[in-house]
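Worksheet: the structure to be examined is printed underneath.
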Amino acid sequence: MKKIIALVLVLFCVMSIAIADTMVIKPLSPFTQKLKHPTKAMPDTRRDSILNVMRKQRNDAEKIEVLKSGLVNNGITVNQLTVLLNQFSTDDAKLTVAKFAYAYTVNYKVYMDLQDLFGEEKYKIELEDYVHKNK
């Protein structure tokens, strides 16, 4: 009888651990953790290196991947990002990168300056909404 109880307890523990690993725990508070922006931007030589690789790509999708991989573990200024965003042919691609790059931006308080790069108003509004929600 003791062996059966012990076995049941072990099974219960194993199942509890398995269930806990698959659970998604959401915070009770409606507040989310504030985004922590980097404090140091990449040197312009690094930006130029990313720019040169982007120019060799055939389409916006490939350029997006280059820019995303170039930003990992690097901070960027709005001015540096402006140069890179000007390599894209569509507002869709610019917005995708602008949203991704926000977390890596050092001088994020002037991020809305990027709105001038978009031709259509809907992209400007979408960027503004994104920045507002992710402050």
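Nothing in this text is a laboratory measurement; each read-out follows from the coordinates by a stated rule. Bear in mind the structure is a predicted one, so any value in this text is a computation, not a measurement. Cβ coordinates were reconstructed from backbone atoms using ideal geometry, including for glycine residues, and neighbour counts include every protein chain displayed.
Structure notes:
- Qualifying GluC sites (Glu not before Pro) for the stretch 85-133 [loop in DSSP, other Cβ within 10 Å: at most 16]: E120
- Residue order, fewest to most surrounding Cβ atoms within 10 angstrom, among K122, K63: K122, K63
- Among 49-62, 79-92, the order from most to least packed when residues are scored by Cβ within 10 Å on average: 79-92, 49-62
- Neighbour-count order for H37, H132, fewest beta carbons within 10 angstrom listed first: H132, H37
- Cα pair distances in the stretch 46-135, grouped into 10 Å bins until the bin that holds the longest one, percent each: 17, 56, 26, 1
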